[in-house]
């Protein structure tokens with residue numbers, strides 16, 4: 001048959017699992033402490049060793065502290081609405097708080 005071998009293309013680092021990234025990183029002697037790193041740390045170390053510059057990350061969400069301040073303010077408003085027995089406003093504040101909590105989890 002044909003003597004051609006297909007080149008194995010490596011998938012992008014962002015698409016790899018942490019396990020695959022650890023395998024790649026263990027082959028690079030400059031990287032130390034591979035098994036204690038998470039996926040984001042592994043990607044940045046591999047890119048540094050390969051000389052790939054990391055561009056600015058996607059949009060920066062508000063910091064976790066700012067979001068938590070907003071949550072605290074909304075909780076106060078929610079309690080006031082509960083005292084005023086305004087069920088509609090309570091539901092609105094509850095949903096907003098829930099959305100902001102999800103944002104903090106994503107930001108962290």
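The values are calculated or read from the model by the stated rules, or taken from the named source; none is laboratory data. Because the structure is predicted, anything quoted here is derived from the model rather than measured. Every residue, glycine among them, receives a Cβ derived from its backbone with ideal geometry; neighbour counts consider all protein chains shown.
Looking only at residues in segment 88-108 that are touching a residue at least 12 places away in the same chain (Cβ under 8 Å) and over 13 Å from residue 76 (Cα atoms), which one is surrounded by the fewest Cβ atoms within 10 Å (Cβ to Cβ)? My answer is 108. Please determine whether any residue of segment 54-62 is surrounded by 10 or more Cβ atoms within 10 Å (Cβ to Cβ) and either under 15 Å from the mean Cα position of the chain (by Cα) or modelled with pLDDT under 90 (or both). Yes, segment 54-62 contains at least one residue that is surrounded by 10 or more Cβ atoms within 10 Å (Cβ to Cβ) and either under 15 Å from the mean Cα position of the chain (by Cα) or modelled with pLDDT under 90 (or both). Out of everything in segment 63-87 that is in a helix (DSSP H, G or I) and touching a residue at least 24 places away in the same chain (Cβ under 8 Å), what residue ends up being farthest from the chain's Cα centre (by Cα)? Filtering segment 63-87 for residues that are in a helix (DSSP H, G or I) and touching a residue at least 24 places away in the same chain (Cβ under 8 Å), the one farthest from the chain's Cα centre (by Cα) comes out as 74.
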